Structure formats: C-alpha cells, structure tokens
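Taking it in order: structure first as structure tokens, then the write-up.
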Amino acid sequence: MIHLVEQYRYPVQGRYWELPQGSWEDAPGTDPLELARAELREETGLTAETMLHVGHLFECYGYSNQGFHIYLAHGLPPGDARREQTEQDMVSRAFPIDEVLAMISDGTIKDAATVATLGLLRLKGLL
C-alpha cells in the first residue's frame, strides 16, 4: 500500500493526490530525516518505525536549486494527523500500488515529485 494525500493546490487551481511532502521555510537547516518524519505524521497521522533514505532529486534545476530527499517509510502505526490550518481540507488514504500506477498513467496524479519518487523506488526494486 502507498499512502497519498489529496489537497487543493492554488497555483493550478485543483485538488490532486501526491505523496506526503513538505518543507519548513523558517527552519531551512532542518535534518531531512526529521523533516520527513514530521511531515508524514502531520499530513497522515502515521509514524514510521523505520525510514530508508532512497535518494535526492532536484525539482527543476533548469531554473531552481530546490531539491528533495526521498525516504521510504516502513512500520506505520496510525495516529492523529496534525495538519496546519491551511491543510485542514487535506485527505489521506492508502492505495494499492497498482492503483497508484494507474493514477499516474491516467493523469490523476500530476505531481512531478511523486511520479519521480515512485519511478526511483521501482528502479531500485523497492516498490
């Protein structure tokens, strides 16, 4: 199963499914593992027993230096999500892997970071 979140993305004026992700603009030096654990818990309520660092990718290095670390979480006991005020309409749900791949193929999932992450996980034999 793959846990995704759906939320409204203002720049593209629509709701889309994506992997849990985020950044802390006011704490740019935060350890990426700590950030990944916190974002997972905040957005889904899940707490990972283990986190495997899978890699680092750049968003679009043709015009930005923004990148992201990829972690694969295992052992996910449920808990309460701790969403920020602007994320109160977020939905979190687990999907079978084949359904997520179909959502990418049919254009339901359009988030490049999610597509790239799932591609990297497959290439490394982790998905």
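Can you pull out the residues in the stretch 86-105 that are of a type outside the set (S, T, N, Q) and either modelled with pLDDT under 85 or in a helix (DSSP H, G or I) (or both)? Matches in the stretch 86-105: Glu87, Asp89, Ile97, Asp98, Glu99, Val100, Leu101, Ala102, Met103, Ile104. Within the stretch 59-83, residues that are small (Gly, Ala, Ser) have Cβ atoms under 6 Å from residues that are surrounded by 14 or more Cβ atoms within 10 Å (Cβ to Cβ) and assigned to a loop (DSSP other than H, G, I, E, B) in these pairs: Ala73/Ala48; Gly79/Gly45; Gly79/Thr47; Ala81/Gly45, counting only partners at least 6 apart in sequence or on another chain. Restricting to the stretch 42-85, name every residue that is in contact with a Pro (Cβ under 9 Å, 6 or more places away or on another chain), assigned to a loop (DSSP other than H, G, I, E, B) and farther than 23 Å from Leu120 by Cα. Once the filter is applied, which keeps residues that are in contact with a Pro (Cβ under 9 Å, 6 or more places away or on another chain), assigned to a loop (DSSP other than H, G, I, E, B) and farther than 23 Å from Leu120 by Cα, the stretch 42-85 yields only Gly45. Taking the stretch 7-41 as the range and being outside any strand (DSSP E or B) and touching a helix residue (DSSP H, G or I) at 6+ places or on another chain (Cβ under 8 Å) as the test, the residues that pass are Leu19, Pro20, Gln21, Gly22, Ser23, Trp24. Out of contact with any Gly (no Cβ under 7 Å at 6 or more places or on another chain), under 18 Å from Met1 (Cα atoms), of a type in the set (Lys, Arg) and surrounded by 12 or more Cβ atoms within 10 Å (Cβ to Cβ): is that true of Arg93 in this structure? The answer is yes for Arg93.
The values are calculated or read from the model by the stated rules, or taken from the named source; none is laboratory data. Computed from a prediction, not measured in an experiment: that's the story for all the values here. With ideal geometry, Cβ positions are generated from the backbone for all residues, glycine too; neighbour counts draw on all protein chains shown.
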